[in-house]
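The values are calculated or read from the model by the stated rules, or taken from the named source; none is laboratory data. All figures in this text were calculated on a predicted structure; none of them were measured in a lab. As a convention, Cβ positions derive from the backbone with ideal geometry for all residues, glycine included, and neighbour counts pool all protein chains shown.
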Amino acid sequence: MAGLLFLLPRLASSAPFLALPLSIAGLFSAAPLLAVRISGRRLHAFLALAVALLLISVIDSSDSAIGFLILFGLWALLAGEVLTRRKSVIAASVAGLVILSAEALLAGFAEGTAPIEATLRSPQVQASFDQWAAQAELEPAEAKAAIERVRAGIVALYPALSVISAITIVALNAVALGRLVQRSQAPDFPRGELLALRWPLGLVVAFVASGALLLVPGTQQTGWNGLVVTLFLFLLQGLSVLTFALTRLFSSELMRAMFVVTSLLGPWAILLSLLGLFDQWFDFRRRLAGAETPAAS
């Protein structure tokens, strides 16, 4: 299953109308490995990984199998060990996040910014930039300058974007794993753990320190990268608070999912990041739970 999920995005070229769902499905490739580790021994997880690598090598190529090992296999094995020992989806996800983020940063330092710059100057991306400039009704010279500023900003934030990509992959697999644990009603795992996601106060310190670096000459790029990463982590905490509230308002999972997806569009994502940040002080979930107690009594 892990190997098949990893290969699904390859079908996007033959089915363009399914490109988005196929790409998203591929991001869940670690979830089957984690599920095997919950229900089996360490050997079972290694066997599942070996079968996935063999399947990818036969259907696609050995290079793709190595990519799967680096992108999903290594952190899934480590997260699986933490999962079985700590009985915590959040602890396992943090362990996986550390490994995958380190891999992304090491790859970025080794390759430099050449790959992202080549991508930003590819015909497909250039066509998107040109379409945006046409919709904004910019003059040619003004459009060219604006596009170059956007390119420079993306290149400057490349480390943060790499870490955010790692966080997104791990978070999606954590959601799938959390659903699996909830449906299996495993007694050793806390129920609704992801609805109680709350980062340590050290993340607030990192956020403030990143903002302070913007005032120091020569460290602005580091500060912006730090702000982007910490705000994205607070976005996850804000989503946890929002989902906690939605579970008390709607019994329909589809309705809750629609609200969560809608909240990620436009400026709402920034508001969710601020919600997660202020939750460090106000603990909105405790207040919501406390407000329900008198009504129930």
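Annotation: L83 fulfils all but one of (1) under 15 Å from A174 (Cα atoms); (2) under 16 Å from the mean Cα position of the chain (by Cα); the unmet one is (2).
The C-beta contact set for the range 10-25 (first residue closer than 17 Å to S64 by Cβ and in the same structural domain as A174 (by TED's automatic domain parsing), second residue surrounded by 13 or more Cβ atoms within 10 Å (Cβ to Cβ) and among the β-branched types (V, I, T), distance under 9 angstrom, 6+ apart or interchain) comprises R10/I59. Just a yes or no: is a residue in the range 267-285 surrounded by 14 or more Cβ atoms within 10 Å (Cβ to Cβ), acidic (D, E) and not assigned by TED's automatic domain parsing to the domain that holds V155? Within the range 267-285, one or more residues are surrounded by 14 or more Cβ atoms within 10 Å (Cβ to Cβ), acidic (D, E) and not assigned by TED's automatic domain parsing to the domain that holds V155. Taken across the range 206-214, residues that are within 13 Å of Q280 (Cα to Cα) and over 20 Å from the mean Cα position of the chain (by Cα) do not occur at all.
Filtering the range 151-195 to residues that are exposed (fewer than 13 other Cβ atoms within 10 Å of the Cβ), of a type outside the set (D, E) and farther than 21 Å from A257 by Cα leaves A152, G153, Q185, P187.
Here no helices (runs of 4 or more DSSP H) wholly within the range 15-71 include at least 3 residues being among the hydroxyl-bearing types (S, T, Y). Being of a type in the set (V, I, T) and in contact with a Lys or Arg (Cβ under 9 Å, 6 or more places away or on another chain), is that true of even one residue in the range 66-78? Scanning the range 66-78, I find no residue that is of a type in the set (V, I, T) and in contact with a Lys or Arg (Cβ under 9 Å, 6 or more places away or on another chain), so the answer is no.
When T230, T243, T247, T219 are screened for being closer than 24 Å to I270 by Cα, at pLDDT below 95, crowded, with 17+ Cβ neighbours inside 10 Å and not assigned by TED's automatic domain parsing to the domain that holds R86, only T243 passes. Within the range 212-271, the set of residues being farther than 26 Å from G192 by Cβ and either touching a His at 6+ places or on another chain (Cβ under 8 Å) or small (G, A, S) (or both) comprises A212, G218, G223, G226, G266.
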